[in-house]
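Below is one structure, written out as structure tokens, with a few remarks after it.
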Amino acid sequence: MKRARSPSRIEKDAVLLTKIQAIKADPPLWGYRRVWAYLRYRNGLVVGKNTICRIMKENTLLVQKNMALRAKRTVTRPKPRAKLPNQYWGTDMTKVKIQG
């Protein structure tokens with residue numbers, strides 16, 4: 001069970017929410033870290049990253065991850081396995097010296 005937030009915290013969050021919404025209106029793909037940096041270094045507002053993240057999460061302002069863009073973590077094709085001795089050979093071409 002979560003503890004209820006104090007009225008003063010709710011008021012401060014409402015002020016921050018209006019600022020966050022104004023920032024997110026122009027570049028909507030900014031995440032909480034970039035919004036935090038903008039508030040901190042451009043507007044001079046000292047506020048924590050976790051506070052920004054919480055407010056954005058409560059108001060569904062966080063950017064959704066596109067899982068289709070992730071790198072594939074599984075092997076696409078297996079390594080060739082030799083069924084007979086000397087079936088596959090490999091060389092290290094970085095050690096071969098050539099003239100010129």
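The values are calculated or read from the model by the stated rules, or taken from the named source; none is laboratory data. Computed from a predicted model, the values in this text were never measured in an experiment. With ideal geometry, Cβ positions are generated from the backbone for all residues, glycine too; neighbour counts draw on all protein chains shown. Heads up: the accessible areas ignore ligands, DNA and RNA and are worked out on the full protein's heavy atoms, side chains in. Shrake-Rupley method; radii C 1.70, N 1.55, O 1.52, S 1.80 Å.
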How about the stretch 5-46: which of its residues are of a type in the set (Ser, Thr, Tyr) and closer than 14 Å to LYS57 by Cβ?
-> TYR32
For the stretch 1-30, which residues satisfy the criterion of being assigned to a helix (DSSP H, G or I), among the small types (Gly, Ala, Ser) and surrounded by fewer than 10 Cβ atoms within 10 Å (Cβ to Cβ)?
-> SER8, ALA22, ALA25
So which residues in the stretch 48-100 are over 30 Å from ARG5 (Cα atoms) and basic (Lys, Arg), if there are any at all?
-> ARG70, LYS72, ARG73, ARG77, LYS79, ARG81, LYS83, LYS95, LYS97
Selection from the stretch 48-66 of residues that are closer than 15 Å to ILE23 by Cα, open to solvent by less than 100 Å² (accessible area, probe 1.4 Å) and either outside any helix (DSSP H, G or I) or modelled with pLDDT under 95 (or both) = ASN59, LEU61, LEU62, VAL63
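So, TYR88, is that one part of a helix (DSSP H, G or I), open to solvent by 70 Å² or more (accessible area, probe 1.4 Å) and aromatic (Phe, Trp, Tyr) or not?
no
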